[in-house]
Amino acid sequence: MACANLAYGPWERESAGTICQVGGSGARFVNPTGDYAFFRLRLDGSLSVSSGRLEVEGEVGPGVAGFVYVVDRFNRILGQAPLSSTTYFDSEDEGACSLLVKVAPASEMRVSSLVVEGGEGFGPNFAFESVCSRLSGRVAVVVPSYPSSESLYPCAFVHARVRAYIEAGLECEVIVAADCAGLSLYEIDGVRVVRTDMDGFERILQSKRFDAVALHFFDPGFAESLDRALPENTPLILWSHNPETRYWDWPLFTARYFQPTPELSDECRLEFARRDEILARYNRKANVNWVFVSDALKARSEELLGFSFERAHVIPNLVDERMFRYRERAGRRASRIVCVRRFDDVASYALDIVAQVIVELSGRPVFEELEFDIYGAGPLFGELTEPIAGFANVRLHRRFLSRAELAETFSDHDIALFPTRFDSQGVAMGEAAMTGLAVVSSDIPAARNFLPADRGLLCDVEDPVQYADAIERLHRDGEYFASCARACRERVYATCRREVTVDREIELIRSLAL
């Protein structure tokens, strides 16, 4: 069965207060509410199909893009597709399916083309063979999430290095292996991405025989798949960004806003002991190399685990000096402050501190001379920005920024405000510094690794007065601001530019590849 463009409906609104408009350019789904919204298109009668291919084209409006799901009559997800993707799905149920569009709070999504094909020959083998036939890269970069139209932030630091790998001529494939339905292909910034479940990941490993596998966010689930599917002599490079090797500190980087730091449960302790055994076993494998993004992370991981990592390398995440070009700040007054964060319920992002800093500054005469731009999206956007929403000089942008937009935004500002309770590096913080912003952050090991620690820019994590004092001094003292901006740029350039990050990774991968 081949279908016409289904973007034109008829769509059913399943959430009150939402808008669905169908016109010459397709369907426009608007969700002004504070909760996720759903719109349904029933594939019944001649459109009914239990196995097939879904192709989605469209664009993100204000806010955050969503997904198009294929669901069966029991609302079980068969496939999920971001914009500009092809997704294969399969179901044993012969009942009618539906297409379900999910739109994030305060967001808009436009779908210009939505085509479903199905029928005989569209079973799971067809999907797997179709995807594998398009994979030509010799190095697999494996992650549990990756930027897409839905969100530009997950594993954005991996995306930055993949683009650099491709520019250097390294033939690689990005495989997103996670708990997801269906098998999908999409492109972002010229990078082809395969999204699959763990069974599909194992089948790809067994079918393609890669020269090397570079895996981020290694965990027991990945270990089980690698044990079953990765040929024993295939070079395996495992990155640690924090949770892979520092899980005993789990309460510190999973604490929720306005909640006490949780205690490790007995169940967690048993799980982490199991992870200890897995890491120790993989540390003994001659084909395994480890990459840590900072010396502090490697040292703390070894302290928690009680052993030293063999064949280990410390290579920070890339902060791309080509994308985030330096702009000299001398001779101008620092008045424009920017913060870019995800508004998830993760207290380590310290967005409550951002609001407290702005409120603290609002009581000072200097406040009227300052401007603030807050960018990001997530379920807590409204709650965390409520204390500052009424200030005329505070602009709230409930959306994600592309890398090009981020570089332009940083270039247009003077000070970056990045408090953090827990981080392994803080890539966006480094990108702000690379463009020449004076970065005000928190006095934690990750910030001391990548920002100048002797300029008064690193503050006590929970003290909004210190951050406010630093911003006010940067505004009032032009020479101090210029020297801090240069120092931030020099520090991050020395530790995170291409030559000392992705160039070293490419050299490592090429030296190990079969």
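Nothing in this text is a laboratory measurement; each read-out follows from the coordinates by a stated rule. Small disclaimer: the values here were computed from a predicted structure and weren't measured. Cβ coordinates were reconstructed from backbone atoms using ideal geometry, including for glycine residues, and neighbour counts include every protein chain displayed.
The stretch 330-403: which trypsin sites (Lys or Arg not before Pro) are DSSP loop and have at most 14 other beta-carbon atoms within 10 angstrom?
For trypsin sites (Lys or Arg not before Pro) across the stretch 330-403 that sit outside H, G, I, E and B with at most 14 neighbouring Cβ atoms in 10 Å, the list reads Arg332, Arg333.
What range in the chain is the longest one free of chymotrypsin sites (Phe, Trp or Tyr not before Pro) that are in a loop by DSSP and have at most 14 other Cβ atoms within 10 angstrom?
308-514
Roughly speaking, what is the centre-to-centre gap between the stretch 441-514 and the stretch 304-379 when only Cα atoms are used, to the nearest Å?
Cα centroid to Cα centroid, the span is 10 Å.
So if I restrict to the alpha-carbon atoms in the stretch 407-484, what is the Rg, and what is Dmax, the biggest pairwise distance, in Å?
11.5, 32
For Lys298, list the lysines whose Cα falls under 19 Å from its own Cα; do not include residues on the same chain fewer than 8 positions away.
Answer for Lys298, where 19 Å is the Cα cut-off: Lys285, listed by chain and number.
If you take the charge dipole of the stretch 6-123 about its Cα centre, with +1 on Lys and Arg Cβ and -1 on Asp and Glu Cβ, which of Pro82, Ala27, Tyr69 is farthest toward its positive end?
Ala27
Just subtract the alpha-carbon distance of Asp266 and Ser15 from 0.36 nm times their residue separation and send over the number in nm, one decimal.
Here the answer is 86.3 nm.
Give me the percent of DSSP beta bridges within the chain that run antiparallel, rounded to the nearest 5.
55
Using every Cα-Cα pair within the stretch 6-123, state what percent have a distance larger than 26 Å.
14
Neighbour counts of other C-beta atoms within 10 Å: give me Met109, Met198 arranged from fewest to most.
By the 10 Å Cβ count, ascending, the order reads Met198, Met109.
Across bins of 10 angstrom width beginning at 0, how are the C-alpha pair distances of the chain distributed, in whole percent?
Pairs per bin, as whole percents: 4, 18, 26, 26, 19, 7, 1, 0.
Starting from 0.36 nm per residue, how many nanometres of slack lie between Ser113 and Cys132 once their C-alpha separation is accounted for?
Using 0.36 nm per residue and subtracting the Cα-Cα distance, I get 4.4 nm.
Which GluC sites (Glu not before Pro) from the stretch 366-470 combine a DSSP loop assignment with at most 16 other Cβ atoms within 10 Å?
Glu462
Within 13 Å, Cβ to Cβ, of Glu310, how many net charges do the neighbouring residues add up to if Lys/Arg are +1 and Asp/Glu are -1?
With Lys, Arg at +1 and Asp, Glu at -1, the net is +4.
So if R0 is 30 Å, what FRET efficiency would Glu187 and Ala389 give, r being the distance between their Cβ atoms, rounded to the nearest 0.05?
Once the sixth-power term is evaluated, E becomes 0.25.
How fast does the stretch 336-496 diffuse by Stokes-Einstein, in µm²/s, taking the Kirkwood radius from C-alpha pairs at 10 °C and 1.306 mPa s?
103
Enter the mean projected area of the convex hull around the alpha-carbon atoms of the stretch 168-327, in nm², rounded to one decimal.
The directionally averaged projection comes out at 12.7 nm².
Based on the Cβ-Cβ distance of Arg476 and Phe74, what FRET efficiency does E = 1/(1 + (r/R0)^6) give at R0 = 60 Å, to the nearest 0.05?
0.40
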